[in-house]
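Novice: Take a look at this one; I'll ask things after.
Taken together, the values in this text are just the output of simple stated rules run on the coordinates, not laboratory data. Nothing here was measured: the structure is a model prediction, and the numbers come from that model. Note that each Cβ is placed from the backbone with ideal geometry, even for glycine, and that neighbours are counted across all protein chains shown.
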Amino acid sequence: MGYLRHYLSFYLPRLILSSFLICILSGIFLTIHYRPFGDVFRCVEEITTVIPYGFFFRRLHYITGQLFVILALIHIGDHFLRRTYRRYRFRDWLSLIASIYIAFAIIFMGFVLKGDKEGIFAGNIMLNIIKGIPLIGNSISDIFIREGEDFFWLPFLYHCFILPLFLIIFTRRHIHNWLPNRGFFLYVTLFLSTFAVFFKMPMDIPPDAVVPTVKGPWFFLAIQKCLTKIPPLFAGIGIPISFFILISLISLSKGHLEWFIRYTILIFAIVYGIITILEYR
Amino acid sequence: MKRSVFLKTIFVLATILLCIIFLYPIISYLLYREQKIVKVSFHPNERLGKVNFKKGVYLIKSNHNWYALSAHCTHLGCIVNFDEKTEKFHCPCHGSVFDISGKRVAGPANRPLTRLPLRFMKNGDIIVIKRD
Ligand code: FES
């Protein structure tokens, strides 16, 4: 157990940062050929099937992006169980929780940018959930995504520039101790690159294909399920925000309140995880 | 009122005013958007069936009349599929179902599919008008 804990605390943050760096690098390669206008699906398919080694950069980008958020979740879970949030100042804890939300937003926007049926539908769902916010929804949705020819433009800006910039700003103080050394980074890059060569990516669905069900990204599946039962404002905005508030408040709470918040978060996470697994199958 | 309190209040008010002055152009800039009207044209060859689909629009024939429905589900905007056997529209995202006239039959959507205006052209085309 002690060994595992040591392994988690030493290697995990370095692995997370290595994945993040490789993700950024592979993303830079992809942006050279990616165009967020016109027939985006065709452009993505061209990168994957026509442009030499395009498939490799796309897979590497996909794998490292997923690895980054999954490992970051394990990292947070580990610290949550060890109650290390008690050591953080509220402000610092808040920016770390905000960063994981930003990381998910980046992956979500990336999912939209695939330009296939799932991507377009995910974009539409996001747009309509935001539009459903009373009074301001219609206006603020325009800041994130717009219908028509510019559909992919704002997600592209958020995915490639705005959100990564915020992610770096929010985590800068947290990560500077954990930057991997060159040797470690090189080995991880080599390993993940080899893995990317053999990895099979989920299939893209052409925008005009008729399919009986369309699913969002894996971390959105539980919310997608809730959307079938409860109003979009609660499922799409209420749930993520309540979880954010709960997990942020835990660093301020003490005694019984801490115990209560802690178990609410745990139950919430377990239920969310189970729905996600059931929906993923 | 003490002088220092008075000055402080003036300072706070001035700061708020300044923020509004700066925020207003930023928000107006971010929220500007041109309303676009999109025309989807159906040539006679593109409407041979009873239910015809093009660019997010369903053009449907009932007796000798035509009507058009937006294919965007009124729940959260996914494009609905038409099932010829049951003559219903099914949404692949969260399972809403609409009948051929666009009326909601089941699922989380609570409005019917949106009816869109049509224009009949002299050359035989039917143009459906929708807003982006
Ligand atoms: S978008 Fe159609 S049921 Fe949700």
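Novice: Mind giving me the nanometre distance, one decimal, between the label points for residue B:54 and residue A:267, set 7 Å out from Cα along Cα→Cβ?
Specialist: The two pseudo-label positions are separated by 5.6 nm.
Novice: Quick check: from the Cα gyration tensor, does the range A:133-281 come out rounded (a/c under 1.5), prolate or oblate?
Specialist: On the way: a/c = 1.36, a/b = 1.02, b/c = 1.34.
Verdict is rounded for the range A:133-281.
Novice: How many angstrom lie between the C-alpha centres of the range A:232-281 and the range A:1-50?
Specialist: Using only Cα atoms, the two centres lie 27 Å from each other.
Novice: Taking the Cα centre as origin and putting +1 on Lys and Arg beta-carbons and -1 on Asp and Glu beta-carbons, what dipole magnitude results for the protein assembly as shown, to the nearest 20 debye? Kindly include the intermediate steps, with their values, before the conclusion.
Specialist: Details: 47 positive and 23 negative charges, 232 e Å.
It comes to approximately 1120 debye.
Novice: Counting other C-beta atoms within 10 Å, which of B:32, B:67 has the fewest, and how do the rest follow?
Specialist: Numbers: B:32 8, B:67 17.
So the ranking, lowest neighbour count to highest, is B:32, B:67.
Novice: First select every other residue whose beta carbon is under 9 angstrom from the beta carbon of residue A:206; then total the charges, Lys and Arg +1, Asp and Glu -1.
Specialist: On the way: positive: A:117; negative: A:45, A:116, A:204, A:208.
Net local charge, residue A:206 excluded: -3.
Novice: Which residue, A:201, A:109, A:126, tops the fluctuation ranking in a GNM of chain A built on C-alpha contacts under 10 Å?
Specialist: The residue that fluctuates most here is A:201.
Novice: Let me ask another. Using the Cα centre of the range B:37-131 as the reference point, and only Cβ charges (+1 on K/R, -1 on D/E), how large is the resulting charge dipole? Debye, rounded to the nearest 20.
Specialist: Using only the charged Cβ atoms, the result is roughly 340 debye.
Novice: Here is a further query. Exactly which trypsin sites (Lys or Arg not before Pro) in the range B:38-85 are in a DSSP loop and have at most 10 other Cβ atoms within 10 Å? List each step's numbers first, then the result.
Specialist: Numbers: sites: B:39, B:47, B:50, B:54, B:55, B:61, B:85; in loops: B:47, B:50, B:55, B:85.
Passing both the DSSP loop test and the Cβ count: B:85.
Novice: Between the range A:59-83 and the range A:101-156, what is the C-alpha centre distance in whole Å?
Specialist: 24
Novice: Which value in nm describes the separation of the simple spin-label points at residue B:35 and residue A:225, placed 7 Å from the Cα toward the beta carbon?
Specialist: Each label point is offset 7 Å from its Cα along the Cβ direction, giving 4.1 nm.
Novice: Mind checking which lysines have their Cα closer than 17 Å to the Cα of residue A:114? Skip sequence neighbours fewer than 8 apart in that chain.
Specialist: Within the straight-line cut-off, residue A:114 pairs with A:200, A:215.
Novice: With 10 angstrom as the radius, rank A:150, A:208 by how many other C-beta atoms surround their C-beta, starting from the fewest. Please list the in-between numbers first.
Specialist: Working: A:150 18, A:208 11.
The order, fewest Cβ neighbours first, is A:208, A:150.
Novice: Determine the shape class of chain B: with a ≥ b ≥ c the square roots of the Cα gyration tensor eigenvalues, call it rounded for a/c under 1.5, and otherwise prolate if a/b is greater than b/c, oblate otherwise. Please list the in-between numbers first.
Specialist: Working: a/c = 5.17, a/b = 2.54, b/c = 2.03.
Judged from the Cα gyration tensor, chain B comes out prolate (a/c at least 1.5, a/b above b/c).
Novice: Shifting gears a bit: Checking the a/c ratio against 1.5 first, then a/b against b/c, what shape does the Cα gyration tensor give for chain A?
Specialist: Values: a/c = 1.76, a/b = 1.17, b/c = 1.51.
Oblate shape, in that a/c is at least 1.5 and b/c is the bigger or equal ratio.
Novice: Convex hull volume of the Cα atoms in the range A:217-281, per residue, in Å³? Walk me through the numbers before you get to the answer.
Specialist: Details: hull volume 5.2 nm³, N = 65.
Hull volume over Cα atoms, normalised by residue count, gives 80 Å³.
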